[in-house]
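Visitor: One structure follows; several queries about it will come next.
The values are calculated or read from the model by the stated rules, or taken from the named source; none is laboratory data. Computed from a predicted structure; not experimentally measured. Cβ placement follows ideal geometry from the backbone for every residue including glycine, while neighbour counts extend to all protein chains displayed. SASA here: full protein model, heavy atoms, side chains in, ligands and nucleic acids out. Shrake-Rupley method; radii C 1.70, N 1.55, O 1.52, S 1.80 Å.
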Amino acid sequence: MQNATRIAARLADLKARGKKGFIAYVTGGDPSLAATEDIILRLEDAGVDVVELGVPFSDPLADGPTIQAAAGRALAAGATWSRLMGMVARLRRRSEVPLLLFSYLNPLLVRGFDRTARDAASAGADGFLILDLPVEEAAKNFQTLDRLNLDHVGLVTPTSPAERIKRIVAASSGFVYCVSREGVTGVQQQLAPGAVKLLKATRRLTKLPVALGFGIATPQHAAAAVQEADAVVVGSAIVDRFHQAQHTATGRAAAARWVGTLVRAVKKV
Amino acid sequence: MSRNVNKSAGQPGRFGPYGGMFVPEILMEPLRALEGEWRAAMRDTQFKRELNDLLRQYVGRPTPLYHAARMSAALGPEIYLKREDLCHTGAHKINNSLAQCLLAKRMGKTRVIAETGAGQHGVATATCAALFGLECVVYMGKVDMERQALNVFRMQALGAKVVSVTAGQQTLKEAISEAMRDWVTNVHHTHYVLGTAYGAHPYPGMVREFQSVIGREARRQILAQAGRLPDALIACVGGGSNSIGLFHPFLKDRGVAMIGVEAGGLGIRSGQHAARFAEGRVGVLQGTRTYVLQDDEGQIRLTHSVSAGLDYAAVGPEHAWLHDIQRAEYSYITDDEAMDAFHKLARWEGILAALESIHAVAWVIKHTCRRWTKKDVLIINLSGRGDKDVQQIAAWEQAHRKA
């Protein structure tokens, strides 16, 4: 049996205390790796439980305009895998915040998946969520992650029938990510009607914590989303806030305070 | 129906180590449904009859296999051109669009979307959507919209909405990503008519089957006209649908060489090309494992070709497999060589070929004397006509005369 990762330990601790979790996404290197390091520390201070750190990719086909643009800025500013892992290692000297790497497959394959996974483990990351690696294709990669005690978070969506959900949760560790609606990442005005149904169906099939994401942008929204889930994921809205903040210290402080309002809304549930 | 597709150990749609289904989870079930519907349709005699009737009456099949006498006299071997340029809408793309739109109708979808590079697939899909009364949206890179303005007008005249894609380098790759984003959002009522033998399973195998009509006809025609099988097949390779459509029915004919011609752009050393087999390495892009032009970080490289339809960073997975097992060989032609061949073919045969297809013609002009003699028989797939390219060619020539 493996040791619990920081991700699993944090979510288990929340559950034991009857609290809901808050997961925040940021794109690594947008607009610089130093900025990302600072933002992650601020997110932790704001009460964020898990940080999803986006590995920038040139062709992010599951992402909407906000995260596409963030990846573009990160790559233009010179974000590379080794620099990103350097940032994670530096961050680990100051913080134990659980870190989930959120990536497309190709940037993880180019130097060999095993080596990439070892880099991530030794830098101090806690797991991977690989967007374009469905469970059918994932067996070997997940074995590699298991050997390194890294989580592999699976995604379930409104189009996934029960048999698929079963297979996905069985191959997942850390938590299961429920995508609240059909579409790409990006802010929505309200929670999709199918989300609750999907959460309930997923819950019946797994003991892993279940997080709901895609499109959550306001405290009310986050509080509503977390009713049936163990945690919410907020991505594009946070990326957008920090981008609009012009990445000044005061701007970032204000953006982090705004994230704090979402976190508090979730913690009250 | 799908020879050479391994369905091993829960890993569907493999061509050796290539292919697969590398897509977001949200598309897995829709792709499985599509595969099921495709396989059911191919067993359905009524579907097949409807498709074949339309291929004959609407598309104008079979297309001629034309013996290019003056070109043959100039170069040596007997050269035959498979005239896909004579299909309705001017390229082979309609073979696939027609079949997929029929499938969409069968699945009860009311809306089709497509990506397009040169615009030929967009025009073919817009045409078939009009034919079946389906709503149609075509995603096209902004750069391609400029260099293929005529096709933009044609799609709009056919009732399609053409959406300009401004991400990245604003060409085919970004158009595919944008079409996939639309599909994940509207998957309930929308079918994605992918235009080439690329992407996640079942597309590479399905598009190849729909395009194999080219090779089946060509095989029958060359046996009737030349009395024997050809020595070589030559076709351009962007995603690779016209080439796989020609090659596939000949795969078991071991004596038939197959040459796929990629876009050499400004030359391999310039770095500005789309020759995936020259400089690509194995990766995963837009649903499939194949040869991809990428940098040391796994970021997709920018590509260049004078031909919008060949200007793409990855190649269909079955080509990757045919390359590795050495059943087909892959080469490239530069922009300059393609432009030169455009004029040569026009003067020899009175045919203005598409800039994509002319890469295959240019390869034959460049390499024939070293490999073949008068006794040999070659088939070139003339996958599309050049009307869409004339303005771009005129502009290119003006720029080069100045230079």
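Visitor: Can you pull out the residues in region B:228-238 that are assigned to a loop (DSSP other than H, G, I, E, B) and open to solvent by less than 10 Å² (accessible area, probe 1.4 Å)?
Guide: B:P230, B:V237, B:G238 - these are the residues of region B:228-238 that are assigned to a loop (DSSP other than H, G, I, E, B) and open to solvent by less than 10 Å² (accessible area, probe 1.4 Å).
Visitor: Something else about it: Whether any residue in region B:345-368 is at pLDDT below 95 and either under 27 Å from B:G271 (Cβ atoms) or out of contact with any Asp or Glu (no Cβ under 6 Å at 6 or more places or on another chain) (or both) is what I want to check.
Guide: Within region B:345-368, one or more residues are at pLDDT below 95 and either under 27 Å from B:G271 (Cβ atoms) or out of contact with any Asp or Glu (no Cβ under 6 Å at 6 or more places or on another chain) (or both).
Visitor: Here's another thing I want to ask about it. Residues to consider are B:R70, B:R56, B:R61; find the one that is of a type outside the set (G, A, S) and over 23 Å from the mean Cα position of the chain (by Cα).
Guide: Residue meeting the stated conditions: B:R70.
Visitor: Among the residues of region A:65-106, which ones are in contact (Cβ under 8 Å) with a residue 60 or more places away in the chain, closer than 19 Å to A:H247 by Cα and open to solvent by less than 40 Å² (accessible area, probe 1.4 Å)?
Guide: Passing the criteria: A:I67, A:A70.
Visitor: Return the total of residues in region B:184-206 being more than 21 Å from the chain's Cα centre (by Cα) and either farther than 20 Å from B:E37 by Cβ or not hydroxyl-bearing (S, T, Y) (or both).
Guide: The qualifying residues number 6.
Visitor: Checking A:T159 against (1) open to solvent by less than 30 Å² (accessible area, probe 1.4 Å); (2) of a type in the set (V, I, T); (3) assigned to a helix (DSSP H, G or I), which test does it fail?
Guide: Only one criterion is unmet by A:T159, namely (3).
Visitor: When the residues of region A:142-156 are filtered to those that are in contact (Cβ under 8 Å) with a residue 12 or more places away in the chain and part of a helix (DSSP H, G or I), which remaining residue is farthest from A:A121 (Cα to Cα)?
Guide: Filtering region A:142-156 for residues that are in contact (Cβ under 8 Å) with a residue 12 or more places away in the chain and part of a helix (DSSP H, G or I), the one farthest from A:A121 (Cα to Cα) comes out as A:F142.
Visitor: Let me ask something else. Counting just the residues of region B:270-291 that are assigned to a loop (DSSP other than H, G, I, E, B) and within 14 Å of chain A (Cβ to nearest Cβ), which one comes out surrounded by the most Cβ atoms within 10 Å (Cβ to Cβ)?
Guide: Here the answer is B:Q286.
Visitor: What pairs come out if I take residues in region B:46-71 that are in contact (Cβ under 8 Å) with a residue 12 or more places away in the chain and under 15 Å from B:G350 (Cα atoms) and pair them with residues that are surrounded by 17 or more Cβ atoms within 10 Å (Cβ to Cβ) and among the hydrophobic types (A, V, I, L, M, F, W, C) whose C-beta lies under 6 Å away, six or more apart or interchain?
Guide: Once the first residue is in contact (Cβ under 8 Å) with a residue 12 or more places away in the chain and under 15 Å from B:G350 (Cα atoms) and sits in region B:46-71, its partners that are surrounded by 17 or more Cβ atoms within 10 Å (Cβ to Cβ) and among the hydrophobic types (A, V, I, L, M, F, W, C) give B:Y66/B:L81; B:A68/B:I79; B:A68/B:L81; B:R70/B:W348; B:M71/B:I79; B:M71/B:W348.
Visitor: Condition first: open to solvent by 40 Å² or more (accessible area, probe 1.4 Å) and within 12 Å of chain A (Cβ to nearest Cβ). Can you find one or more residues in region B:39-58 that meet it?
Guide: The answer is no; no qualifying residue exists.
Visitor: Next question, about the same structure. In region A:162-177, which residues are part of a helix (DSSP H, G or I), of a type in the set (A, V, I, L, M) and buried (at least 19 other Cβ atoms within 10 Å of the Cβ)?
Guide: A:I165, A:I168, A:V169
Visitor: Related question: If the requirement is being over 30 Å from B:L31 (Cβ atoms) and facing another protein chain (nearest Cβ under 10 Å), which of these qualifies: A:S95, A:S58, A:S82?
Guide: Result: A:S82 is the single residue among A:S95, A:S58, A:S82 that is over 30 Å from B:L31 (Cβ atoms) and facing another protein chain (nearest Cβ under 10 Å).
Visitor: Quick check on my filter: what residues within region A:114-156 are more than 11 Å from chain B (Cβ to nearest Cβ), open to solvent by less than 30 Å² (accessible area, probe 1.4 Å) and over 17 Å from A:L99 (Cα atoms)?
Guide: Listed by number, the residues that qualify are A:N141, A:T144.
Visitor: If you don't mind, there's one more thing I want to ask. Which of (1) open to solvent by less than 10 Å² (accessible area, probe 1.4 Å); (2) among the hydroxyl-bearing types (S, T, Y); (3) in contact with a His (Cβ under 9 Å, 6 or more places away or on another chain) does B:Y312 not meet, given it meets every other one?
Guide: Here B:Y312 clears every test but (3).
Visitor: Restricting to region A:166-199, and then to whatever is at pLDDT 95 or above and facing another protein chain (nearest Cβ under 10 Å), can you tell me which residue is farthest from the chain's Cα centre (by Cα)?
Guide: The qualifying residue farthest from the chain's Cα centre (by Cα) is A:R167.
Visitor: Determine, yes or no, whether B:W321 is more than 22 Å from B:I268 (Cβ to Cβ) and either open to solvent by less than 60 Å² (accessible area, probe 1.4 Å) or modelled with pLDDT of 95 or more (or both).
Guide: Answer is yes for this residue.
Visitor: If you go through region B:70-80 one residue at a time, do you hit one that is surrounded by fewer than 22 Cβ atoms within 10 Å (Cβ to Cβ) and within 30 Å of B:M155 (Cβ to Cβ)?
Guide: no
Visitor: Something else now. When you check B:Q392 against the structure, is it surrounded by 15 or more Cβ atoms within 10 Å (Cβ to Cβ) and over 23 Å from B:A218 (Cα atoms), yes or no?
Guide: Yes; evaluated as a whole, the condition is true for this residue.
Visitor: In region B:83-174, which helices (runs of 4 or more DSSP H) lie fully inside it and hold 2 or more residues that are polar (S, T, N, Q), surrounded by fewer than 24 Cβ atoms within 10 Å (Cβ to Cβ) and away from chain A (no Cβ under 14 Å)?
Guide: none
Visitor: Another question, then. Identify, by number, the condition in (1) of a type outside the set (D, E, K, R); (2) part of a helix (DSSP H, G or I); (3) in contact with a Phe, Trp or Tyr (Cβ under 9 Å, 6 or more places away or on another chain); (4) within 30 Å of A:P107 (Cβ to Cβ) that B:M28 doesn't meet.
Guide: (3)
Visitor: Next question. Being at pLDDT below 95 and more than 16 Å from the chain's Cα centre (by Cα) is the filter here, so list the residues in region B:154-173 that pass it.
Guide: Matches in region B:154-173: B:T166, B:A167, B:G168, B:Q169, B:Q170.
Visitor: Would you check if there is a residue in region B:251-258 being crowded, with 22+ Cβ neighbours inside 10 Å, in the same structural domain as B:V315 (by TED's automatic domain parsing), in contact (Cβ under 8 Å) with a residue 12 or more places away in the chain and touching a helix residue (DSSP H, G or I) at 6+ places or on another chain (Cβ under 8 Å)?
Guide: yes
Residues are listed down the side, and each one gets a yes or a no for (1) of a type in the set (S, T, N, Q); (2) more than 14 Å from chain A (Cβ to nearest Cβ); (3) in contact with a Ser or Thr (Cβ under 7 Å, 6 or more places away or on another chain):
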residue: B:A179; (1), (2), (3): no, no, no
residue: B:W183; (1), (2), (3): no, no, yes
residue: B:L194; (1), (2), (3): no, no, no
residue: B:Q211; (1), (2), (3): yes, yes, yes
residue: B:R219; (1), (2), (3): no, yes, no
residue: B:D231; (1), (2), (3): no, yes, no
residue: B:I234; (1), (2), (3): no, yes, no
residue: B:D253; (1), (2), (3): no, yes, no
